[in-house]
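Presented below is the structure to which this report refers.
The values are calculated or read from the model by the stated rules, or taken from the named source; none is laboratory data. These numbers come from a predicted model, not from an experiment. Cβ sites come from the backbone with ideal geometry, for glycine too, and all protein chains shown count toward neighbours.
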Amino acid sequence: MNDNNPARWALQFHGRGGEYFRIWIVNLLLSILTLGIYSAWAKVRRLKYFYGNTELAGSRFDYTAKPMQILIGRLIAFAFFFVYAISSNVSPILSAVAAVLLLVALPWMIVRSIRFNLRQTRYRNVAFDFHGSVWGAVKNYLLLPLLLIPTLGLALPFVQHQQYRFVLDHASFGQQRFSGTASAVGAYYRAALAGLGLMIALVALFALTVGVAMWGGGNVLDMSALATQAPTEMAARFALPALAYIIMLIGFNSVGAAVQVAQANHGWSNTVLDDVRFSSSVNPWAYGRMMAWRLPLVVVTLGLALPWLKVAQARMRTEGMQIEAPHDLSQFAAAQQQSGSAIGAEASDLFDVDLAL
């Protein structure tokens, strides 16, 4: 293998809906019975399943977090919000002070959460890491979103692009840092505008359906006219707008998911790790169609079909990823493991907890 003839690997996902359902239902029931305490253990079981079923070049990923680390982090995050909730009922001044403190703590919590989850992710026994600063989180998660106000939301793709690059450009595998090869936000805007157009079409369809129901054969707001209609006729006239509303919500979620996939495609396809290149070719519209027909199943089954949806999402997004390198990945991982062994103690931060953001 060399620069002129690099090797390519596609990620594979081996998870199955039925397998994950058994994990999911136990996690759900125990989380309810323990008033949410078990959710820390549930997160570890869930991520171990998904990471352990993700394979690259013959090796699988692993999630190494301990549930107690996650529980402690969630208790810390809960304490922040609990103090704010209590202070808001005691005094407006205390409420304002607590809000400022919470706002100041939020970027730190974001950085800690990203760092924790990356450090607990391993491939070939080499951990990922995150080197972003609190000031970077302030800029990307507190200051940049303020642009949404004067631009009436038009800056959203730019903000999303900057947040995405903040995470990727400060992530590392062993001692090797990820980096972006392009900073253009045009692809983010194209995906967002396409999604916006589809959402406007869904709203127009919903408005048309409601209009037909309201004025096609009488106004549904006319109570005297409704009183003379048969119950079945009245139910049918109200059912049509209700059905259109449900379809619109499902459409919004499906289009939003497709937009996210298109933006992720651009982000990964412009990211490198030393001489390792990434590409993502997930079909956004195929992903959106998958969401459109699986979401109604989740609704009809009162959530019981959710594990199959999660597995389908993971499979499409994982198997759309490709890795290209001029060398064997096992050699690259071994080099990272060797260079990282000298600073293992530093990577084991004593305050390594998940702040659940």
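Suppose we filter Ala85, Ala42, Ala65, Ala77 for residues that are assigned to a loop (DSSP other than H, G, I, E, B) and either surrounded by 13 or more Cβ atoms within 10 Å (Cβ to Cβ) or free of Cβ contacts under 8 Å to residues at least 60 places away in the same chain (or both); which single one remains? Break it down stepwise before answering.
Values: Ala85 fails: assigned to a loop (DSSP other than H, G, I, E, B); Ala42 fails: assigned to a loop (DSSP other than H, G, I, E, B); Ala77 fails: assigned to a loop (DSSP other than H, G, I, E, B).
Exactly one residue qualifies, and that residue is Ala65.
Among the candidates Leu198, Leu226, Leu240, which residue alone is assigned to a helix (DSSP H, G or I), farther than 30 Å from Leu273 by Cβ and modelled with pLDDT of 80 or more? Step through it out loud before you land on a result.
Numbers: Leu226 fails: modelled with pLDDT of 80 or more; Leu240 fails: modelled with pLDDT of 80 or more.
Testing whether each residue is assigned to a helix (DSSP H, G or I), farther than 30 Å from Leu273 by Cβ and modelled with pLDDT of 80 or more leaves just Leu198.
Can you tell me which residue is farthest from Phe166 (Cα to Cα) among those in segment 105-154 that are part of a helix (DSSP H, G or I) and of a type in the set (Phe, Trp, Tyr)?
As a first pass, look at segment 105-154 and keep what is part of a helix (DSSP H, G or I): 105-119, 134-148.
After this cut, where a residue has to be of a type in the set (Phe, Trp, Tyr) as well, the list is 108, 116, 135, 141.
Working: Trp108: 14, Phe116: 16, Trp135: 11, Tyr141: 10 Å.
For segment 105-154, the residue satisfying everything is Phe116.
Pull out all pairs, ordered by first then second residue, where Cβ-Cβ is under 8 Å, the residues are six or more apart or on different chains, the first lies in segment 199-221 and is among the polar types (S, T, N, Q), and the second is modelled with pLDDT of 80 or more and surrounded by 16 or more Cβ atoms within 10 Å (Cβ to Cβ).
So the pair list comes out as Thr209/Ala244.
Quickly run through segment 164-185 and pick out the residues that are at pLDDT 85 or above and either part of a strand (DSSP E or B) or among the small types (Gly, Ala, Ser) (or both). So that I can check it myself, show each step before the final result.
Here is the first cut: in segment 164-185, the ones at pLDDT 85 or above are 164-179.
Answer for segment 164-185, where residues must be at pLDDT 85 or above and either part of a strand (DSSP E or B) or among the small types (Gly, Ala, Ser) (or both): Ala171, Ser172, Phe173, Gly174, Gln176, Arg177, Phe178, Ser179.
For segment 134-164, name all the residues that are buried (at least 18 other Cβ atoms within 10 Å of the Cβ), β-branched (Val, Ile, Thr) and under 19 Å from Val104 (Cβ atoms).
Answer for segment 134-164, where residues must be buried (at least 18 other Cβ atoms within 10 Å of the Cβ), β-branched (Val, Ile, Thr) and under 19 Å from Val104 (Cβ atoms): just Val138.
Counting just the residues of segment 261-314 that are under 15 Å from the mean Cα position of the chain (by Cα), of a type in the set (S, T, N, Q) and farther than 20 Å from Gly15 by Cβ, which one comes out surrounded by the most Cβ atoms within 10 Å (Cβ to Cβ)?
Gln263
Being out of contact with any strand residue (DSSP E or B) (no Cβ under 7 Å at 6 or more places or on another chain), of a type in the set (A, V, I, L, M) and either at pLDDT 95 or above or buried (at least 20 other Cβ atoms within 10 Å of the Cβ) (or both), is that true of even one residue in segment 321-341?
no
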